[in-house]
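A.B. asks: First the structure, which I've put down as structure tokens, then a few questions once you've had a look.
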Amino acid sequence: KPPILVPELAARLGLKPFNVMADLIKLGVFPAPNQPLEPEIAAKVCEIHGFSFEREKRDKDKGFHKVEEVIKEPEAPAEEPEELLKTRPPIITIMGHVDHGKTSLLDYLRKTRITAGEAGGITQHIGAYQVKHQDQLLTFLDTPGHAIFSDMRARGADITDIVVIVVAANDGIMPQTKEAIQHAKKANKTIIVAINKIDLSSANVERVKTQLAENGLQTTDYGGDTEFAEVSALTGKGMDDLLDLMILQAEVLELKANPKATARASVIEARVVPGRGTTATVIVESGTLKVGTPFICGPYAGKIRSMINDRGETIKTAPPGSPVEVIGFEELPHVGDHLTEMKNEREAKSLASERQEEQRLKRLRPQHRNRMEDLYSMV
Ligand code: GDP
Ligand code: MG
């Protein structure tokens, strides 16, 4: 029978010899280079990576072959069939300089659009909420500021469609306004400007527009293409215009998703709630989240035990574009982690342990490198 060598085993598993060495050291085996491995040991290494080990009868093959495919997260299709696509609500992030009215704007929308006329009028803080305007839903991320935006982008969870930049008309453009404009432009987002605090006598809307133009945002009334609304988050003046613009821009963007696709969502907030355990607010990107769905989220498996919407209601399904608090995480996920529906719990768990193992090895690697170099220098 042919010998099983580390480099070959590594190649078959799609790893670097070095990774296999790390596994071996963990198993208490310290082979010298070119020293054949015991078949039982090779089998254990294969198992760690979701492969089975089998010696073949003929010499032609090197002694083991892939029996079981490595379990992978289902990949998002590059394109969904047109007939399955449905319009989804836009995801909107509010940015701007401190004290220019981001929180006030979000509060105004939440209070007037969600609770008006609703019994009790209690809203749940889950990090995002939906507003209905002209019979259309708009989803707002409830965490104003650039941090979450940049964080999520860095993690590949760029879910924002529209950025509303708030500028106080009395203050004009300030350093964080410029930063917000740069962030939004770099990310290629549709920008809408809310010129806020127009109720103040010190408000100077024209000056804001000039400053906007100086920063690459020429407003539509000056021949540019930046939509803007003059508003007061305090009195509510102009807020309808602002919402109209959001609907308009969402239509231009033709935001669509397939509600029947494999469910995918992005984590925007995660916390431990007393009595409820580990929960996370996610925004559904495609597919429909359902109670009972097994999932993978970062390196952890989970199963949706229950879901709560932004009004604090228990729901059974969550369509694309909706924010929802999910209960059923094994561990606290990170903001920006992707939650993906898995075929079954077994696959979810298997993929989770593989990812955890990967992380563990990554953490251990520098240590192993030294030890492996020691090993090689001994020969
Ligand atoms: P943020 O830091 O951008 O979240 O700003 P806030 O929403 O906390 O608002 C800062 C201050 O501006 C608060 O005292 C608000 O009451 C006030 N404010 C916000 N919007 C308006 C507005 O339209 N008119 C006036 N007069 N004050 C406002
Ligand atoms: Mg604030």
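The values are calculated or read from the model by the stated rules, or taken from the named source; none is laboratory data. Note that the structure is predicted; figures quoted are calculated from it, not measured. Please note: Cβ atoms are built from the backbone with ideal geometry, for glycine as well, and neighbour counts cover all protein chains shown. These accessible areas exclude ligands, DNA and RNA; they are computed on the full protein's heavy atoms, side chains included. Shrake-Rupley method; radii C 1.70, N 1.55, O 1.52, S 1.80 Å.
A.B. asks: For Asp171, what accessible area in Å² do you get when you roll a 1.4 Å probe over the heavy atoms of the protein chains, rounding to the nearest 10?
C.D. replies: Counting only protein heavy atoms, the figure is 70 Å².
A.B. asks: Return the long-range amide H neighbours of Leu234 (sequence gap of 5 or more, or a different chain), with a cut-off of under 5 Å between placed amide H atoms.
C.D. replies: Lys197
A.B. asks: Another question, then. Which far-off residues, 5 or more places away or on another chain, put their amide H under 5 Å from the one on Ile165, with H placed in the peptide plane?
C.D. replies: Met95, Ile192, Val193, Ala194
A.B. asks: Something else: How many nm is it between the label spots at Lys178 and Asp225, if each spot is 7 Å from the Cα in line with the beta carbon?
C.D. replies: That separation, rounded to one decimal, is 2.5 nm.
A.B. asks: May I ask you to give the solvent-accessible area per residue for segment 255-300, in square angstrom, as obtained with a 1.4 angstrom probe?
C.D. replies: 33 Å²
A.B. asks: Mind checking which aspartates and glutamates have their C-alpha under 13 Å from Lys185, skipping anything on the same chain fewer than 8 residues away?
C.D. replies: Asp161
A.B. asks: Per-residue HN-Hα couplings for segment 211-224, Karplus 6.51 cos²θ - 1.76 cosθ + 1.60 at θ = phi - 60°, whole Hz, x for Gly and Pro?
C.D. replies: Residue by residue, segment 211-224 yields 5, 4, 4, 4, 9, x, 10, 7, 6, 4, 6, 10, x, x Hz.
A.B. asks: May I pose another question? Roughly how many nanometres apart are two label points built 7 Å out from the Cα toward the Cβ at Asn188 and Thr210?
C.D. replies: The answer from the label model is 3.5 nm.
A.B. asks: Taking the solvent-accessible surface of protein heavy atoms with a 1.4 Å probe, what is the per residue accessible area of segment 9-51 in Å²?
C.D. replies: Numbers: 2000 Å² over 43 residues.
I get 47 Å² per residue for segment 9-51.
A.B. asks: Also, I was wondering about something else. Pull out a ≥ b ≥ c, the square roots of the eigenvalues of the alpha-carbon gyration tensor of segment 264-320, then state rounded if a/c is under 1.5, prolate if not and a/b is larger than b/c, and oblate in the remaining case. Working shown, then result.
C.D. replies: Values: a/c = 1.40, a/b = 1.07, b/c = 1.30.
Since a/c stays below 1.5, the shape of segment 264-320 is classed as rounded.
A.B. asks: Counting only protein heavy atoms and a 1.4 Å probe, tell me what percentage of segment 250-338's accessible area is made up of carbon and sulfur.
C.D. replies: The value for segment 250-338 is 51 percent carbon and sulfur by accessible area.
A.B. asks: Among the listed pairs Lys189/Lys290; Lys256/Lys316; Lys26/Lys349, which have their C-alpha atoms separated by more than 28 angstrom in this model?
C.D. replies: From Lys189/Lys290; Lys256/Lys316; Lys26/Lys349, over 28 Å: Lys189/Lys290.
A.B. asks: Using θ = phi - 60° and the Karplus curve 6.51 cos²θ - 1.76 cosθ + 1.60, what whole-Hz ³J(HN,Hα) does each residue of segment 306-312 get, with Gly and Pro shown as x?
C.D. replies: Listing the rounded values in order: 7, 9, 10, 8, 5, 9, x Hz.
A.B. asks: Once amide H atoms are placed 1.01 Å from N in the peptide plane, what residues at a sequence separation of 5 or more from Ser306, or on another chain, have their amide H within under 5 Å of its amide H?
C.D. replies: Correct list: Ile327.
A.B. asks: With a point put 7 Å past each Cα toward its Cβ, work out how far Glu330 is from Thr87 in nm, to one decimal.
C.D. replies: Here the answer is 4.1 nm between the modelled labels.
A.B. asks: Also, quick follow-up: Given R₀ = 30 Å, FRET efficiency for Thr112-Thr314 by Cβ-Cβ distance, to 0.05?
C.D. replies: Working from the Cβ atoms, E equals 0.75.
A.B. asks: Once fully extended, how much extra length lies between Glu47 and Asp151, figured as 0.36 nm per residue of separation less the alpha-carbon to alpha-carbon distance?
C.D. replies: 33.9 nm
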